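Encoded as structure tokens, the structure appears first; notes follow it.
Please treat every number below as a calculation from the coordinates, not as lab data. Note that the structure is a prediction, hence the values are computed from the model and not measured. Every residue, glycine as well, gets a Cβ built from its backbone with ideal geometry; the counts of neighbours run over all protein chains shown.
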Amino acid sequence: MKLLVRLLLGFSAFLLLLVLSAFLLPDGYQVERRILVQAPPERVFSLLEDPREWRRWSSWNRRDPAMAINYSGPARGAGAKWEWKSASQGEGQMRFVRVEQDRLLEYVLHFPQFDSSPTGAFRLTPVPGGTEVSWSMRDTAGYNPISRWMGLFMDGMIGRDFEDGLATLKAVAETDNSGPTP
């Protein structure tokens with residue numbers, strides 16, 4: 001019985017240490033990736049500002065072709081919104097909140113199962129021979145110790161999706177001269 005009490009006290013002390021040390025961690029995360037696309041900014045931007053175009057390049061959409069998607073608001077640009085439900089990718093929604101044509105697209109995500117609403121942005125910079133595309137996302141953890149610990153791993157988890165998505169965006173933009181799909 002004494003051994004069980006010691007184990008419970010040790011485990012409780014360990015959990016308390018984890019919770020308290022979480023408040024020494026950053027209260028959020030930021031993930032960013034960049035790629036050079038050999039296409040003009042307007043071609044790249046047309047693949048970003050229309051949520052329907054994301055099916056062609058986003059790793060999240062390509063992982064589950066059967067993902068249920070509902071679009072609302074304007075077809076493209078500020079106010080465009082889409083919601084999804086997927087067995088493998090979960091559920092959520094994205095709304096484009098700020099657009100500077102061929103330069104910037106900012107968005108807000110909402111994941112109800114995590115009560116999380118990260119923000120993100122695409123920044124396009126014309127460079128000789130093409131466009132530098134930067135994709136970033138950030139969120140805060142507040143006082144949630146689990147979210148603070150998870151923040152330590154977000155760059156590795158989301159960063160791979162950003163790299164894959166940007167590589168596919170590059171391939172689509174460099175080979176598709178038709179502009180956005182109707």
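Calculated from the structure, Cα Rg over 2.2 N^0.38 Å equals which of (i) 1.27; (ii) 1.04; (iii) 1.00? Recomputing Cα Rg over 2.2 N^0.38 Å here picks out (i). Put a dot 7 Å past the Cα of ASN70, heading toward its Cβ, do the same for ARG55, and the two dots end up 1.7 nm apart. Note on ALA13 and GLU174: the extension gain reaches 52.4 nm, defined as 0.36 nm multiplied by sequence separation minus the Cα-Cα distance.
At a Förster radius of 22 Å, what calculated FRET efficiency corresponds to the Cβ-Cβ distance of GLN30 and ARG98, to the nearest 0.05? Each step should come with its number before you reach the end.
Numbers: r = 18 Å, r/R0 = 0.80.
Rounded to the nearest 0.05, the efficiency is 0.80.
Of all aspartates and glutamates in the structure, those lying under 20 Å Cα to Cα from LYS81, and not within fewer than 8 positions of it along the same chain, are GLU49, ASP50, GLU53, ASP64, GLU91, GLU100, ASP102, GLU106, ASP115, ASP139. A simple spin-label model places pseudo-atoms 7 Å from Cα toward Cβ; at MET157 and VAL5 they are separated by 3.9 nm.
A Gaussian network model of the chain, with springs between Cα atoms under 10 Å, assigns the largest mean-square fluctuation among SER134, SER59, SER72 to SER72. Note on ARG62 and TYR143: with the Förster distance fixed at 45 Å, the Cβ-Cβ geometry gives a FRET efficiency of about 0.80.
Of the chain, which part is the longest with no chymotrypsin sites (Phe, Trp or Tyr not before Pro) in a loop (DSSP not H, G, I, E, B) and with at most 15 other C-beta atoms within 10 angstrom? By the stated rule (loop sites, at most 15 other Cβ atoms within 10 Å), 24-113. Calculate the spin-label point distance for THR119 paired with LYS85, positioning each point 7 Å from the Cα along the beta-carbon direction, and give it in nanometres. Simple spin-label model gives 3.0 nm for this pair. The long axis of helix 2-22 is offset from the longest Cα principal axis of the chain by roughly 40 degrees.
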